[in-house]
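J.: The structure follows.
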Amino acid sequence: MKSIGLQIDKTFDFVKKKDIEALKPKADKGLQMLHDGSGKGNDFLGWLHLPSSIKEAELRDIEKTATKLRECEAVVVIGIGGSYLGTKAVVEALQNSFDQLQKDRKNPVLLYAGHNIGEDYLSELRDVLKGVKFGIINISKSGTTTEPAIAFRILKSLLEKNIGKRKAKSYIVAITDKAKGALRTLADKEKYKTYVIPDNIGGRFSVLTPVGLLPIAVAGINIRRLVSGAKDMEKATGESVSFEQNIAAQYAATRNALYNSGKKVEILANFHPKLHYLAEWWKQLYGESEGKENRGIFPAAVDFTTDLHSMGQWIQEGERIIFETVISVETPDNRLTVPTDRENLDGLNFLAGKRVDEVNKMAELGTQIAHVDGGVPNIKITLPKLDAYYLGQLLYFFEKACGISGYMLDVNPFDQPGVEAYKKNMFALLNKPGYEKESEAIRKKLFLG
């Protein structure tokens with residue numbers, strides 16, 4: 001099988017090749033720290049050998065549960081952050097873009113909740129599911145995270161009203177802690193089907209656990225191919241693979257060399273509209289892993305050619321603190337050519353007979369030339385095609401490079417202490433029991449006391 005590819009030569013006008021190679025010892029050290037567990041956050045390295053450790057029995061069980069849930073008209077995935085972004089990234093990338101409109105659709109509509117606190121969103125979701133037989137995949141390690149907990153309360157009540165409490169239990173799956181927490185307690189009491197979120201895998205690295213694999217399977221996507229691609233990339237970026245052959249280490253070193261040269265923002269760009277949520281997953285992976293101790297590259301994302309008509313101006317001529325990483329898909333699944341038009345009022349007959357993808361590829365090449373000429377270094381990641389196998393490779397590649405890059409920055413890539421700040425303030429403002437002192441302090445600060 002082919003592999004995804006990495007090209008970094010379009011960065012050499014901005015950082016010398018020798019500058020990247022000079023970071024080889026740090027990248028090698030970062031790789032070694034991952035594999036020998038000597039780095040910060042070493043109790044969250046369960047993802048490292050996850051692809052090669054998934055057993056056949058686990059996959060069969062997930063597929064069996066997915067088959068049960070496919071009896072429903074819709075399945076709601078409840079989760080926030082890594083508990084839903086990985087799923088949405090894979091499903092949006094591999095499912096038909098207009099799946100919900102297909103009359104012969106074989107799989108339930110996959111919906112999402114618990115990733116916001118939007119009253120209108122939840123009200124509209126509840127309204128569309130009234131009277132509908134739907135399933136729930138509730139993903140929460142604790143069962144008390146505010147956003148998913150609110151959504152689960154509302155949707156559990158609705159499902160029980162729709163089909164009865166007893167029947168509803170067979171269409172609720174809890175993915176949670178193995179032994180403790182509110183959701184584990186409820187799941188055991190109600191005898192829901194459960195899967196475990198491993199203690200040593202953080203949410204943003206969890207897409208290849210049941211957190212991602214179950215809803216992805218419900219969507220009808222081949223999870224075995226996804227795992228197979230990740231497994232091959234695990235091997236291709238292993239501790240014994242030299243820097244010269246290890247694309248995860250090369251990517252980590254290149255982006256750190258650019259960061260050291262003053263490029264503080266990385267823009268993940270794609271020329272395939274199905275990759276929008278892959279970029280959203282990537283933003284969480286790198287933002288939450290590296291943005292600490294007043295350091296770290298800011299991860300942003302654009303969809304081309306769409307955003308060339310909006311953000312393209314800033315990228316071309318704005319402040320030169322950015323670099324681009326472009327995901328390019330070599331071969332589309334379908335074939336469509338530009339038709340001839342006798343009137344030719346739009347002047348596009350020069351494109352007649354050309355594949356739409358050829359036009360897109362020339363837009364991609366033209367953009368790369370323009371942006372590099374305009375002072376934006378360009379890294380390119382190539383997928384032979386957009387399928388489960390290569391997407392599995394890409395997911396693991398980004399995870400591995402993220403771990404290496406975090407260690408190169410000398411931060412803990414596997415915690416997220418800053419995420420708790422807003423929660424403490426929110427709980428204090430809502431007068432949550434146990435937050436009385438914080439509530440008093442913040443209200444004085446806001447001149448409310």
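The values are calculated or read from the model by the stated rules, or taken from the named source; none is laboratory data. None of these values were measured; they are calculated from a predicted model. With ideal geometry, Cβ positions are generated from the backbone for all residues, glycine too; neighbour counts draw on all protein chains shown. These area figures cover heavy atoms from the full protein model, side chains too; ligands, DNA and RNA do not enter into them. Shrake-Rupley method; radii C 1.70, N 1.55, O 1.52, S 1.80 Å.
J.: Taking loop as defined by DSSP and a crowding limit of 16 other beta carbons within 10 Å, which GluC sites (Glu not before Pro) in region 336-441 fit?
T.: Listed in order of number, the matching sites are E343.
J.: Among DSSP bridges having both ends in the chain, what percentage is antiparallel? Round to the nearest 5.
T.: Around 10 percent antiparallel, to the nearest 5.
J.: Counting only heavy atoms of the protein chains, get the accessible area per residue of region 1-147 (1.4 Å probe) and round it to a whole Å² value.
T.: In whole numbers, region 1-147 has 52 Å² accessible per residue.
J.: Sticking with this one: Seen from all sides and averaged, what is the projected area of the convex hull of the Cα atoms in region 133-225, in nm²?
T.: Averaged projected hull area, Cα only: 6.2 nm².
J.: Straight-line reach from K263: which aspartates and glutamates have Cα under 12 Å away, leaving out those fewer than 8 places along the same chain?
T.: Hits, sequence-local ones excluded: E319, E324.
J.: Can you give the relative contact order of region 51-198 as a percent, counting alpha carbon pairs under 8 Å and 6+ residues apart?
T.: Relative contact order here is 24 percent.
J.: Same structure, new question: In Å², and per residue, what accessible area does region 341-397 have when probed at 1.4 Å with the other protein chains present?
T.: That works out to 44 Å² per residue.
J.: Please list, in order, the residues from region 25-62 whose amide nitrogen is less than 16 Å from a point placed 7 Å along the Cα→Cβ vector of K180.
T.: Under 16 Å, as judged by backbone N against the label point of K180, lies no residue of region 25-62.
J.: Here's something else I'd like to know. Over the chain, with a Gaussian network built from C-alpha contacts below 10 Å, which listed residue (K432, K191, K40) shows the highest mean-square fluctuation?
T.: Checking each option, the largest mean-square fluctuation is seen for K432.
J.: Can you pull the one-decimal nm distance between simple spin-label points at V196 and E63, each 7 Å off the Cα toward Cβ?
T.: 2.3
J.: Continuing with this model, one more query. Can you grab the distance from the C-alpha centre of region 344-359 to the C-alpha centre of region 162-200, Å, no decimals?
T.: 54
J.: Taking a probe of 1.4 angstrom, what is the accessible area of T331 in Å², to the nearest 10?
T.: It works out to around 70 Å².
J.: Just to confirm the filter: which chymotrypsin sites (Phe, Trp or Tyr not before Pro) across region 51-149 are DSSP coil and have at most 13 other Cβ within 10 angstrom of their Cβ?
T.: Working: sites: Y84, F98, Y112, Y121, F134; in loops: Y84, F98.
Sparse-neighbourhood loop chymotrypsin sites (Phe, Trp or Tyr not before Pro): F98.
J.: Then there's this: Could you identify which residue out of E73, E239, E119 has the top mean-square fluctuation in a GNM of the chain using Cα springs shorter than 10 Å?
T.: E119
J.: Counting pairwise Cα distances across region 1-133, what percent come out greater than 17 angstrom? Before the final figure, lay out the partial values.
T.: On the way: 6842 of 8778 pairs.
Above the 17 Å cut-off, region 1-133 has 78 percent of its Cα pairs.
J.: Taking 0.36 nm per residue of separation and subtracting the Cα-Cα distance, what length does fully extending K2 through W314 add?
T.: 108.8 nm
J.: A further question follows. Output ³J(HN,Hα) for region 424-434: one whole-Hz value per residue in order, computed from phi by the Karplus curve 6.51 cos²θ - 1.76 cosθ + 1.60 with θ = phi - 60°, and x for Gly and Pro.
T.: 4, 5, 4, 5, 5, 5, 8, 6, 5, x, x
J.: Here's something else I'd like to know. Could you work out, for region 227-304, what percent of all Cα-Cα pairs fall into each 5 Å distance bin, beginning at 0 Å and stopping at the bin that holds the largest distance?
T.: That works out to 3, 14, 17, 20, 23, 18, 5, 0, in percent per bin.
J.: Given Cα positions, please report Rg to Rh for the chain, the hydrodynamic radius being the Kirkwood one.
T.: Numbers: Rg = 23.3 Å, Rh = 23.6 Å.
When Rh is taken as the Kirkwood radius, the ratio is 0.99.
J.: Please report, in whole Å³, the volume per residue of the convex hull around the C-alpha atoms of region 314-363.
T.: 107
J.: Which sequence of D415, D199, D104 reflects their accessible areas, 1.4 Å probe, from the largest down?
T.: Values: D415 50, D199 70, D104 115 Å².
My answer, sorted largest first, is D104, D199, D415.
J.: Under 8 Å for C-alpha pairs, at least 6 residues apart: give me the relative contact order for the chain, rounded to a whole percent. Don't skip to the end; give the middle numbers.
T.: Values: 736 pairs, mean separation 104.7, N = 449.
Answer for the chain is 23 percent.
J.: Here is a further query. Work out, step by step, the length gained on full extension between N334 and V356: first 0.36 nm times the residue separation, then minus their alpha carbon distance; give nm to one decimal.
T.: Here the answer is 6.9 nm.
J.: Let me ask you something else. What share of all Cα pairs of region 355-406, in percent, falls into each consecutive 5 Å distance bin?
T.: Per 5 Å bin, starting at 0, the Cα pair percentages come out as 5, 15, 16, 17, 19, 19, 7, 1, 0.
J.: Which shape class, rounded, prolate or oblate, goes with region 44-85 when its Cα gyration tensor gives a ≥ b ≥ c as root eigenvalues, a/c under 1.5 marks rounded, and past that a/b bigger than b/c marks prolate?
T.: oblate
J.: Could I ask something else about it? When averaged across all projection directions, what area in nm² does the alpha-carbon convex hull of region 266-372 cover?
T.: 8.3
J.: Round to a whole number: what % of the accessible area of region 7-70 belongs to carbon and sulfur, probe 1.4 Å?
T.: In region 7-70, the share of accessible area belonging to carbon and sulfur is 52 percent.
J.: Which trypsin sites (Lys or Arg not before Pro) does region 100-184 hold that lie in a coil by DSSP with at most 15 other beta carbons within 10 Å?
T.: When the trypsin sites (Lys or Arg not before Pro) of region 100-184 are filtered for loop state and at most 15 Cβ neighbours within 10 Å, K103, R105, K106, K130, K178, K180 remain.
J.: Would you please give the FRET efficiency between K424 and R105, computed as 1/(1 + (r/R0)^6) with r the Cβ-Cβ distance and R0 = 30 Å, to the nearest 0.05?
T.: Working: r = 44 Å, r/R0 = 1.46.
For R0 = 30 Å, the calculated efficiency reads 0.10.
J.: Using the Cα atoms of region 65-146, I'd like the radius of gyration and the largest Cα-Cα distance, Dmax, both in angstrom.
T.: Over region 65-146's Cα set, Rg and Dmax evaluate to 13.1, 39 Å.
J.: Same structure again: Using a 10 angstrom cutoff on alpha carbons, build the Gaussian network for the chain and name the most mobile of I62, I175, I139.
T.: Evaluated over the chain, the most mobile residue of the options is I62.
J.: Using 31 Å as the Cα-Cα cut-off, could you pick out the over-long pairs in K40/K189; K380/K423; K17/K264; K29/K231; K68/K130; K189/K444?
T.: K40/K189; K380/K423; K189/K444
J.: Computed over the Cα atoms of region 316-449, what is the convex hull's projected area averaged over all directions, in nm²? Let's see the in-between values first.
T.: Details: hull surface 65.1 nm².
Across all orientations, region 316-449 yields a mean hull projection of 16.3 nm².
J.: Over region 172-293, give the accessible area per residue in Å² for a 1.4 Å probe, as an integer.
T.: Counting only protein heavy atoms, the per-residue value for region 172-293 is 34 Å².
J.: Hey, any idea what % of region 105-258's accessible area is carbon plus sulfur with a 1.4 Å probe?
T.: 50
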